[in-house]
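Encoded as structure tokens, the structure appears first; notes follow it.
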Amino acid sequence: MGAKITALRKARGMTQEQLAAALGVSGPAVSKWETGSSCPDIMLLCPLARVLGTNVDTLLSFEEELSQEDLENYMGEIIELAREGKISRAEERLNGLLHRYPTDIPLKFSAIAALSLFNMNGEDGQQGTAGGDTDRWTRQKKDLAQALCRSGDPAYYFHALSILVSLHLEEGELEEAEKLLKENQTNTGDFTALWVRLYLKRGQRDQALRALQRQAYKLVYDLRTCLMGLLGEEISPEQDRALEICRILEQIDSLFSVGGNMGAGLAAEVYLRVGEQEKALVCLERLADRMTERMDPPNPLVFAPSIAPEPEKLVINREIRLAILQGLEKDACFEPLRGRERFQVLLRKVAESLEPEKKACSFGIEVV
């Protein structure tokens with residue numbers, strides 16, 4: 001506090017005697033405050049803050065949160081103490097920070113990691129620690145994780161909730177873990193791994209398998225969607241990049257058969273942009289074949305039995321086929337191909353797939 005009083009006094013152009021006169025104290029009293037020999041009486045804090053043009057929090061150097069640099073330095077010291085096996089000192093230092101900065105969210109998150117480290121190192125460098133210590137640290141980690149969840153801070157919510165569910169699973173508190181997962185089903189985070197742990201804890205292997213297969217299907221589907229977006233000329237005008245994305249997309253379709261292998265049309269557009277007419281025709285012929293043939297189901301070795309499309313749903317619906325035909329007939333990008341016989345053949349094939357007697361069911365994959 002002494003350094004703060006000195007800095008604020010000088011900033012206002014006041015001498016020690018002037019400050020003392022304003023507060024009704026002696027000059028030596030102010031001198032002792034500034035040298036740290038003594039502190040102002042509590043009744044003088046508010047008047048002192050007003051005279052110095054500040055508030056009591058600033059006067060006392062109160063901060064709600066540590067700076068990022070200070071947090072890293074403090075946690076570095078605590079981690080070093082733990083690695084040296086000086087767990088008691090590390091824990092005392094950590095708890096001191098938590099009491100001093102009770103609303104500091106990043107500190108709470110870092111504290112959870114530190115407490116986990118304490119379990120890995122015993123006092124005086126010996127591995128392991130007493131069961132009572134472990135129980136205390138587990139309870140504290142739960143309290144900190146709950147506080148982070150209550151804060152609603154989006155930067156920490158998902159991680160804190162994952163930690164809290166994991167702690168319940170480790171403690172065998174399966175009902176509490178399931179309750180938290182169900183309450184947060186609409187959360188943007190992915191809790192698949194936690195659901196799998198819960199199912200396996202209960203011996204529900206089939207449920208665990210289904211959860212993993214459904215998530216794997218979603219991730220592959222989302223990856224395909226992103227790659228197709230990257231094929232846009234405004235996003236990927238570079239020929240080499242666009243062609244590489246085409247190759248990757250074709251490999252994904254070959255491996256997983258997800259999304260009906262509908263990337264062939266986009267790949268054809270890319271090949272036409274770079275003057276590769278033959279490769280574009282191959283892609284479009286492959287697309288036309290799918291108008292009349294059933295598509296391959298998602299790779300059964302990876303996705304069955306969770307992803308189980310019915311046979312009649314492995315066809316492209318009429319609306320999509322009509323849109324493809326209209327695009328082939330009208331889109332300017334296909335103009336270089338319209339005079340070629342191979343292009344006219346694939347056009348007729350798409351058109352024939354729209355004949356009324358050829359009924360097609362809606363394309364879609366059901367997750368069971």
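The values are calculated or read from the model by the stated rules, or taken from the named source; none is laboratory data. Computed from a predicted structure; not experimentally measured. Note that each Cβ is placed from the backbone with ideal geometry, even for glycine, and that neighbours are counted across all protein chains shown. Only protein heavy atoms, including side chains, enter the accessible area calculation; ligands, DNA and RNA are left aside. Shrake-Rupley method; radii C 1.70, N 1.55, O 1.52, S 1.80 Å.
Just M75, M120, M43 to compare: in a GNM of the chain, with alpha carbon springs under 10 Å, which one fluctuates most?
M43
Taking the alpha-carbon centroid of each part, what is the distance from the range 1-66 to the range 139-176 in angstrom?
Here the answer is 43 Å between Cα centres.
What part of the accessible area of the chain, given as a whole %, is carbon or sulfur when the probe is 1.4 angstrom?
52 percent
Looking only at V196, V30, V315, which one moves most when the chain is put into a Gaussian network model with springs between Cα atoms under 10 Å?
V30
Note the listed values (i) 1.01; (ii) 1.62; (iii) 1.14, then indicate which one is Cα Rg over 2.2 N^0.38 Å calculated from this particular structure.
Read-out from the structure maps to (ii).
Could you please report the charge total around Q207, scoring K, R as +1 and D, E as -1 over all other residues with beta-carbon less than 13 angstrom from its beta-carbon?
Working: positive: R197, K201, R202, R205, R210, R214; negative: E178, D206.
For residues surrounding Q207, the net value is +4.
So which trypsin sites (Lys or Arg not before Pro) in the range 1-97 pass both tests, a DSSP loop state and at most 13 other Cβ atoms within 10 Å of the Cβ?
R12
Note the full-extension length gain between I42 and D289 as 0.36 nm times their separation in residues minus their Cα-Cα distance, in nm to one decimal.
Going from the current span to full extension adds 80.3 nm.
Assigning unit charges at the beta carbon (Lys, Arg +1; Asp, Glu -1) and nothing else, what dipole magnitude in debye, to the nearest 20, does the chain show about its Cα centre?
For the chain, the charge dipole is close to 420 debye.
Counting helices only, and only those DSSP H runs with n ≥ 4, report the 222 nm mean residue ellipticity of the chain as the sum of -39,500 (n - 2.57) divided by its residues, in deg cm²/dmol to the nearest 500.
-20500 deg cm²/dmol
Test of understanding: in a Gaussian network model of the chain with alpha carbons linked when under 10 Å, which of P237, P297, P40 would top the mean-square fluctuation ranking?
P40
Please give the contour-minus-distance gain from C333 to T225: 0.36 nm per residue of separation, less the Cα-Cα distance, rounded to one decimal in nm.
Net length gain for the segment: 36.8 nm.
Where only protein heavy atoms count, and the probe is 1.4 Å, what is the accessible area per residue for the chain in Å²?
Per residue, the chain has an accessible area of 55 Å².
Grab the beta carbon distance between V282 and Q204, set R0 = 41 Å, and tell me the FRET efficiency rounded to 0.05.
0.35
List the DSSP H helices in the chain whose Cα atoms stretch 15 Å or more along the helix axis and whose mean Kyte-Doolittle hydropathy is at least 1.0. List each step's numbers first, then the result.
Details: long enough: 68-83 (22 Å, -0.65); 87-100 (19 Å, -0.76); 105-120 (24 Å, 1.42); 131-151 (30 Å, -1.38); 157-170 (20 Å, 1.12); 205-230 (38 Å, -0.24); 239-256 (26 Å, 0.07); 277-292 (23 Å, -0.25); 318-330 (18 Å, -0.12); 341-352 (16 Å, -0.23).
Answer set is 105-120, 157-170.
If the cut-off is 27 Å between C-alpha atoms, which lysines fall inside it for K330, apart from same-chain ones fewer than 8 positions away?
Qualifying lysines at Cα under 27 Å: K279, K349, K358, K359.
So which of K86/K141; K10/K32; K142/K218 end up more than 24 Å apart by C-alpha?
Beyond 24 Å: K142/K218.
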